[in-house]
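Bear in mind that the values in this text are calculations on the coordinates, not laboratory data. Quick caveat, the model's predicted, so the values are computed rather than measured. Positions of Cβ are backbone-derived with ideal geometry, glycine not excepted, and every protein chain shown enters the neighbour counts.
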Amino acid sequence: MGHKYAITDKAGVYFITFATVGWIDVFTRKHYRDLLLDNLRYCQQHKGLVLYAWCIMSNHVHLVAEAKEQNLSDILRGFKSYTAKLLLTAIQQPGESRKEWMLPLFRAAGKDNSNNTTYQFWQQDNHYKEVHSQAFAFQKFDYIHNNPVEAGLVDRAEDYPYSSARDHYYGKRCGLLEVKFWDE
């Protein structure tokens, strides 16, 4: 494949970023963010995905994650494939005012990729970096949680509901997804 970033240690913890093609701002709608949350929960409950940190932005997702049982690459590939189908179906429903400009972009990306039949929702490559130390992990936690602050969405990271910042800053499980604390 020759990808710059890859999961090399199947038992490792990774900082992962994946984005929509063209960085299309799909996740400005609560319904679409909730579809991602539901499917991340499914992967946690049925595929052994363990999240240390996460954040859903308007056009990309950050995770610090590992896989308990399965291969993390396989879990993410399945997650992206399934959510792409769900999200593209949802975008085509009546009431989505942006579908007339979004769908041609997804179609053009799909046409340029032989792995797709019609549309491509997610960028082909994921950005993976193995977490080798506690210092690196905490650097990535801060980066992930401050994304909404840097984007001007909230003043404080813990005020953004679509991330694990509340869990980390309050020191207890109170967010939308289950997270494992680094020292557990």
Could you list, ordered by first residue, the pairs with Cβ atoms under 8 Å in which the first is in segment 140-156 and at positive phi and the second is assigned to a helix (DSSP H, G or I), at least 6 apart or interchain? none
Select the strands (runs of 3 or more DSSP E) contained entirely in segment 2-102, then report the ones holding at least 2 residues which are among the small types (Gly, Ala, Ser) and free of Cβ contacts under 8 Å to residues at least 60 places away in the same chain. 60-67
Determine whether segment 119-141 contains at least one residue that is under 16 Å from residue 19 (Cα atoms) and part of a helix (DSSP H, G or I). no
Go through the residues of segment 96-111 one by one and say whether even a single one is touching a helix residue (DSSP H, G or I) at 6+ places or on another chain (Cβ under 6 Å) and within 27 Å of residue 9 (Cβ to Cβ). no
Can you name the residue in segment 155-182 that is of a type in the set (Lys, Arg) and assigned to a loop (DSSP other than H, G, I, E, B) and is also nearest to residue 27 (Cα to Cα) among such residues? 156
